[in-house]
1. Could you list all residues from segment B:87-112 that are out of contact with any Gly (no Cβ under 9 Å at 6 or more places or on another chain), at negative phi and touching a residue at least 40 places away in the same chain (Cβ under 8 Å)?
2. Scan segment A:82-100 for residues that are at pLDDT 95 or above and either farther than 14 Å from A:Thr13 by Cβ or touching a Gly at 6+ places or on another chain (Cβ under 7 Å) (or both) and report the count.
3. Mind counting the residues in segment A:69-84 that are buried (at least 21 other Cβ atoms within 10 Å of the Cβ) and over 21 Å from A:Lys53 (Cβ atoms)?
4. Restricting the first residue to segment A:62-78 and requiring it to be within 14 Å of A:Phe90 (Cβ to Cβ), which pairs with a second residue that is basic (Lys, Arg) and surrounded by 15 or more Cβ atoms within 10 Å (Cβ to Cβ) meet a Cβ separation below 6 Å and a spacing of at least six or different chains?
5. Being in contact with a Leu (Cβ under 9 Å, 6 or more places away or on another chain), in a strand (DSSP E or B) and of a type in the set (D, E, K, R) is the filter here; which residues of segment B:20-66 pass it?
6. Can you name every residue in segment A:89-112 that is part of a strand (DSSP E or B), surrounded by fewer than 19 Cβ atoms within 10 Å (Cβ to Cβ) and within 14 Å of chain B (Cβ to nearest Cβ)?
7. Among the residues of segment A:1-44, what is the count of those that are free of Cβ contacts under 8 Å to residues at least 12 places away in the same chain and more than 17 Å from B:Gln45 (Cβ to Cβ)?
8. Scanning for something within 14 Å of chain A (Cβ to nearest Cβ), surrounded by 14 or more Cβ atoms within 10 Å (Cβ to Cβ) and under 29 Å from A:Thr107 (Cα atoms), does segment B:69-86 turn up at least one residue?
Amino acid sequence: DAGITQSPRHKVTETGTPVTLRCHQTENHRYMYWYRQDPGHGLRLIHYSYGVKDTDKGEVSDGYSVSRSKTEDFLLTLESATSSQTSVYFCASNRDGTDTQYFGPGTRLTVL
Amino acid sequence: GESVGLHLPTLSVQEGDNSIINCAYSNSASDYFIWYKQESGKGPQFIIDIRSNMDKRQGQRVTVLLNKTVKHLSLQIAATQPGDSAVYFCADSGGGADGLTFGKGTHLIIQP
């Protein structure tokens, strides 16, 4: 597996507060992704990046923003967290020329 | 958009038996298919993949079969072990930068 880490692993926050989740990979992969996983929905794409400073929206991007200033880091920001954003968030990456994504361990976020 | 789906949400098998997990896809442009295993509290782990120019691929105790005529994908696990208990996801890709589209998953339960 690619060396993908996520931080924090668990977070509890209150409605209306900003939250930033970090994904870090050590494989020099070009592509990175943020997903959320909810019961009954499986993995849904929030945002993805195809290079430094190159990002695009996924299926469920409302309420989320991302940034990628370095190849190894992909940040997901909830500008003003809502209870509907309570979920498990996964980061994934793959190198150019391949479709196989490798996943991080996930971040469990609870918005009260 | 089109999505990948699974036939059954839960599959229960006896230890030592073979397991077959099925998946239907609808995107005729998909040319890459992948199976992931997700254990409780962990991120999805790559198992095996297959390209559309193949109809079968084998790994260690796992085989993926692809039937493009009926848009069907299956994962076969030989001699199922307790450690195989997990949720299994299929996913597909048409080669776009937004990567994979995931099914909701099948929970494989191993009976002693």
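The values are calculated or read from the model by the stated rules, or taken from the named source; none is laboratory data. Since the model is a prediction, treat every value here as computed from it, not as a measurement. So basically every Cβ, Gly included, is an ideal-geometry build from the backbone, and we count neighbours across all protein chains shown.
1. B:Gly94, B:Leu100, B:Thr106, B:His107, B:Leu108, B:Ile109, B:Gln111, B:Pro112
2. Initially, segment A:82-100 is screened for residues at pLDDT 95 or above, giving A:82-93.
From the residues that got through so far, the ones that are either farther than 14 Å from A:Thr13 by Cβ or touching a Gly at 6+ places or on another chain (Cβ under 7 Å) (or both) too are A:82, A:85, A:88-93.
Number satisfying all stated conditions: 8.
3. Going residue by residue through segment A:69-84, those that are buried (at least 21 other Cβ atoms within 10 Å of the Cβ) are A:74, A:76, A:81.
Now narrow it down to the ones that are over 21 Å from A:Lys53 (Cβ atoms): A:81.
Total satisfying the criteria: 1.
4. A:Phe74/A:Arg68
5. Scanning segment B:20-66 gives B:Lys37, B:Arg51, B:Lys56, B:Arg57.
6. Residues of segment A:89-112 that are part of a strand (DSSP E or B), as a first pass: A:89-94, A:102-103, A:107-111.
The next check asks that each one be surrounded by fewer than 19 Cβ atoms within 10 Å (Cβ to Cβ); those that pass are A:108, A:110.
Scanning segment A:89-112 gives a single hit, A:Arg108.
7. Residues of segment A:1-44 free of Cβ contacts under 8 Å to residues at least 12 places away in the same chain: A:39-42.
Subsequent filtering for residues that are more than 17 Å from B:Gln45 (Cβ to Cβ) retains A:39-41.
Adding up the residues that qualify gives 3.
8. Taking segment B:69-86 first, the residues within 14 Å of chain A (Cβ to nearest Cβ) are B:86.
Add one more test, that the residue is surrounded by 14 or more Cβ atoms within 10 Å (Cβ to Cβ), and what stays is B:86.
Still in the running and under 29 Å from A:Thr107 (Cα atoms): B:86.
Checked segment B:69-86: at least one residue is within 14 Å of chain A (Cβ to nearest Cβ), surrounded by 14 or more Cβ atoms within 10 Å (Cβ to Cβ) and under 29 Å from A:Thr107 (Cα atoms).
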